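Right, one structure below, let's go through it.
The values are calculated or read from the model by the stated rules, or taken from the named source; none is laboratory data. Given the structure is predicted, the values throughout are model-derived calculations rather than measurements. Here Cβ is always computed from backbone atoms with ideal geometry, including for glycine, and neighbour counts include all displayed protein chains. Only protein heavy atoms, including side chains, enter the accessible area calculation; ligands, DNA and RNA are left aside. Shrake-Rupley method; radii C 1.70, N 1.55, O 1.52, S 1.80 Å.
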Amino acid sequence: MDQHQSILELHPGLVWGFAITVVIMLLLDLGVFNKKSHEVSSKEATIWSVVWISLSMIFSGVVYWVFNTDGTPASHALAVEKFTQYQAAYWIEKALSVDNLFVFILVFGFFKVPKFLHHKVLFWGIIGALIFRAIFIFAGVELIDLTYLPEMNVFGHPVKINVVMTLFGLFLIYAGIKSWGDGGDDDDEDYSDTAGAKLIKSFWKVSDNYDGDKFFTVQNGIKMATPLLVVVAVIEFTDVLFAVDSIPAIFAISKDPFILYTSNIFAILGLRSLYFLLANFIYMFSKLPYGLAIILAFIGVKMLIAPWYHISSPVSLGIVGGVLVLSVLISIMFPDKKDDEVKE
């Protein structure tokens, strides 16, 4: 089997299976378990986190099964490579999403969003992410395929350099260095002046107060947007900005759009439950921004040296997983002083 053969070519029906699973889970989430807006407890968040992570791990097993077609050593090796590509892409997106959730917490605090409305905001934010990630990933794969330079000799070795991957690599190294310098400090940002907030205000007047879980309300005979719609727009634009880091990062892992999209979507679908856990245990992730900086820089280097040296997916997965675990352990062992005050 061709190493670059896509799941789309092997099992087109798997696309429908994935799509149906996602739609059913979203309908259950919104129409059954969260039909009425309510504050999500830590227990409920834990259960949903386990459900989404379990579904993702099961799907990674399906990826292995699809590529291990005949049980030969070559088929097994290809299946392991695809399996680890999925796992690496999933955990990279999951890790970068945690950094995204820190900003969500700040956004909710800035707009004073009642806790029982957090789930609804995140739900619609994720619906938008499903659409934008599909556009970014599938367009990105096509763009990469179109930007290979003719083969050339560099340092005595014949190589094919990709312009987009090289630019992505340089950008990710820059993003990693910048992330390390910032240390994830966004506390002072004015979110009412962001692009998402400005977009809503350009179309509608915005009421001063929330009206339950409504996006629109009527005051003095005038239809107005509520602050809740502004928050959803801010969350959507924030996710698009974070995708600028995460999407280039996963292109270093695989060029198979189905593996990239499914791993990305499963990681995003678990964001809401992860948010409610993170809000209660934020001290466990205080050093994560530094770990993410290392991961971004590593992936950038991996992209730049790819024409000369290939870092396999299992090795990439090991490095990413090791940095994440180490970041959490250091956060627990050496919490920030302000985190200690929060816990007390």
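Dipole orientation for segment 171-321: of the candidates 176, 257, 275, 257 has the Cα lying most toward the positive pole (charges on Cβ; Lys, Arg +1; Asp, Glu -1). Using a probe radius of 1.4 angstrom, the carbon and sulfur fraction of the accessible surface of the chain is 67%.
Go ahead and set up a Gaussian network model of the chain, Cα springs under 10 Å, then flag whichever of 117, 228, 26 fluctuates most. Of 117, 228, 26, the most mobile in the Gaussian network model is 26.
The phi torsions of segment 286-295, fed into the Karplus equation with coefficients 6.51, -1.76 and 1.60 and a -60° offset, translate into couplings of 5, 9, 4, x, 6, x, 5, 4, 5, 5 Hz, rounded to whole numbers, with Gly and Pro shown as x.
Taking 156, 196, 322 in turn, the Gaussian network model of the chain (Cα-Cα springs below 10 Å) assigns the largest fluctuation to 156.
Calculated FRET efficiency, residue 39 to residue 167, Cβ-Cβ distance, R0 = 35 Å: about 0.20 to the nearest 0.05.
Evaluating 6.51 cos²θ - 1.76 cosθ + 1.60 at θ = phi - 60° for every residue in segment 66-78, the Karplus couplings come out as 4, 8, 8, 6, 10, x, 6, x, 5, 5, 5, 4, 5 Hz, glycine and proline recorded as x.
The value of relative contact order for the chain, using C-alpha pairs under 8 Å at least six residues apart, is 29 percent. So for segment 234-289, what percent of the C-alpha to C-alpha distances run longer than 17 Å? Summing the P(r) tail past 17 Å for segment 234-289 gives 53 percent. With kT/(6 pi eta Rh) evaluated at 20 °C and eta = 1.002 mPa s, and Rh the Kirkwood radius from Cα pairs, the chain diffuses with a coefficient of 99 µm²/s according to Stokes-Einstein. Positive-end ranking of 20, 311, 42 along the dipole of the chain, with charges on Cβ about the Cα centre, is headed by 20. Note on the chain: with a GNM built from Cα contacts shorter than 10 Å, the maximum mean-square fluctuation among 167, 28, 324 falls on 28.
Taking 7 Å steps out from each Cα toward its Cβ at residue 189 and residue 15 produces label points 3.5 nm apart.
A straight chain from residue 203 to residue 332 at 0.36 nm per residue would run longer than the Cα-Cα distance by 41.9 nm.
Restricting attention to segment 27-175, the count of lysine pairs at 8 or more positions apart or across chains with alpha carbons under 30 Å apart stands at 19. Per-residue ellipticity at 222 nm from helix content only, as computed over the chain with -39500 (n - 2.57) for each DSSP H run of at least four residues, stands at -23500 deg cm²/dmol.
Average accessible surface for the chain: 50 Å² per residue, computed with a 1.4 Å probe over protein heavy atoms with every protein chain in place. Farthest towards the positive end of the charge dipole of the chain, among the residues 74, 130, 95, is the Cα of 130, using unit charges on the Cβ of Lys, Arg, Asp and Glu.
Loop sites by DSSP among the trypsin sites (Lys or Arg not before Pro) of the chain, restricted to those with at most 14 other Cβ atoms within 10 angstrom, leave 215-344 as the longest stretch without any of them. Segment 40-79 and segment 138-167 have Cα centres spaced 31 Å apart. Its Cα centre serving as origin, the chain has a Cβ charge dipole (Lys and Arg +1, Asp and Glu -1) of approximately 560 debye.
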